[in-house]
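First comes the structure, then the notes that go with it.
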Amino acid sequence: MSTCKCLERISLNRSGFWRRRRGDTFVKAFISRHGYLESDLSRWFLVVWSITNVFVGQVAAAELPSNRVLVIGIDGCRPDALAKAVTPHLDSLIQTGAFSDQTQILGERYTENDTVSGPGWSSFLTGVWADKHGVQNNSFQGKNYEAFPHFFAYIKQQFPKAQTGSFVDWKPIDTHIVSHADVQHGFDAHGADGYTKFDESVTSEAVKFLSEGNPHAVMAYLGAVDETGHRYGFHPSVPEYIEAIETVDTRVGQLLTAMKSRPNFAAENWLVVVSTDHGGQGLGHGGGHKIPEIRTTFLIVSGSAAKQGKIEQPTYVVDVPVIALTHLGVEIQADWKLDGKPAGLTNRGSHNE
Ligand SMILES: [Zn+2]
């Protein structure tokens, strides 16, 4: 007998005749649906049904991460100004997590790109430096997000049904960098007042996704702090700059409230990661390669999977997506060539306690 016995036996013509192959001849016989079919076909279907059930069960289990992550980007926020501002929500994240105020926006291997938002957010969202993602300045010329995509791409690769949401009000992030987002809002803000207004829109849309959706990864970008720095000055002594950080803190509070109000919050093991693309000095931050106030920022990694206290190891803006991916249980592949490291996470890994 052939090893493909089952396949040979299911050749059934329209009038209910069974064609069964034996060597070179076909034996044509009428088969009662309650006779031969019952004993052979039904057994065959039972096997297929069982295999399918096992397979579907495994896929369903593997298609969703067991953990969740909320990434918040505060453009142009200096750590010394963050320390001075009254920010109860960001403070609470720091107190329940890992923190560094020495995070670098440029790496060691490559530092040629300008210290502006185009390369900064590219590094923040792709986990690689500008020699790989290709963005040297705000023109986005040379962008190479096909080879080095937004970190949502890696989530979707391992967990196709994971839900991702991106909310930004510096439009170029949305236009150029974001991909693999199930929910995507890109507002086109201009000027300090415009960013203040659209930061509110970013927050309300992200809150909606956190409250009504089933998000596994959320990225919320808030632009008003940077824009205020450009207008009034990037410095802890500038009241408007401090006030902008305090306003952003209330937005962070709204996001955290929405996250914590999820009915199943306790079991979802959320991690919150907060950082920025650069600091600032005077009214700007371009060309800041040798200026610590521009190239040094902060990193918060907060939640039950985070270490507590100061992060001792060097941290970089490219760590942000790697931290998020690691927490979600995405297996980092060597051929992705990511530059970031999963800083601030405990050795307990990414599983629920
Ligand atoms: Zn700026």
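Which of (1) out of contact with any strand residue (DSSP E or B) (no Cβ under 8 Å at 6 or more places or on another chain); (2) farther than 27 Å from A324 by Cα; (3) modelled with pLDDT of 95 or more is the odd one out, the single condition E246 does not satisfy?
All conditions are met except number (2).
So which residues in region 325-347 are surrounded by 12 or more Cβ atoms within 10 Å (Cβ to Cβ) and at pLDDT below 95?
T346
Here is a yes/no grid of residues against (1) buried (at least 18 other Cβ atoms within 10 Å of the Cβ); (2) at pLDDT below 95; (3) assigned by TED's automatic domain parsing to the domain that holds S179; (4) not charged (D, E, K, R):
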site: D193; (1), (2), (3), (4): no, yes, yes, no
site: S204; (1), (2), (3), (4): no, no, yes, yes
site: V225; (1), (2), (3), (4): yes, no, yes, yes
site: Y241; (1), (2), (3), (4): yes, no, yes, yes
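Tell me which residues, restricted to region 255-274, are under 22 Å from D101 (Cα atoms) and either out of contact with any helix residue (DSSP H, G or I) (no Cβ under 7 Å at 6 or more places or on another chain) or assigned to a helix (DSSP H, G or I) (or both).
Hit for region 255-274 is L256, nothing else.
Only one of these conditions is not met by T276: (1) buried (at least 20 other Cβ atoms within 10 Å of the Cβ); (2) more than 20 Å from the chain's Cα centre (by Cα); (3) within 16 Å of the ligand (Cβ to nearest atom). Which number is it?
With respect to (1) buried (at least 20 other Cβ atoms within 10 Å of the Cβ); (2) more than 20 Å from the chain's Cα centre (by Cα); (3) within 16 Å of the ligand (Cβ to nearest atom), T276 is out only on (2).
Run H235 past the list (1) within 15 Å of the ligand (Cβ to nearest atom); (2) modelled with pLDDT under 95 and report the number of the one that doesn't hold.
(2)
Considering region 200-223 alone, what residues qualify as being within 16 Å of the ligand (Cβ to nearest atom) and either under 22 Å from N67 (Cβ atoms) or more than 22 Å from the chain's Cα centre (by Cα) (or both)?
Y221
With the structure loaded, tell me whether H185 is surrounded by 21 or more Cβ atoms within 10 Å (Cβ to Cβ), at pLDDT 95 or above, more than 16 Å from the ligand (Cβ to nearest atom) and part of a loop (DSSP other than H, G, I, E, B) or whether it fails that test.
It is false that H185 is surrounded by 21 or more Cβ atoms within 10 Å (Cβ to Cβ), at pLDDT 95 or above, more than 16 Å from the ligand (Cβ to nearest atom) and part of a loop (DSSP other than H, G, I, E, B).
Please go through region 279-302 and give me each residue that is farther than 13 Å from P79 by Cβ, surrounded by fewer than 23 Cβ atoms within 10 Å (Cβ to Cβ) and more than 16 Å from the ligand (Cβ to nearest atom), ordered by number.
If the condition is that a residue be farther than 13 Å from P79 by Cβ, surrounded by fewer than 23 Cβ atoms within 10 Å (Cβ to Cβ) and more than 16 Å from the ligand (Cβ to nearest atom), then K290 is the only one that fits.
The values are calculated or read from the model by the stated rules, or taken from the named source; none is laboratory data. These figures come from a predicted structure and were not determined experimentally. Here Cβ is always computed from backbone atoms with ideal geometry, including for glycine, and neighbour counts include all displayed protein chains.
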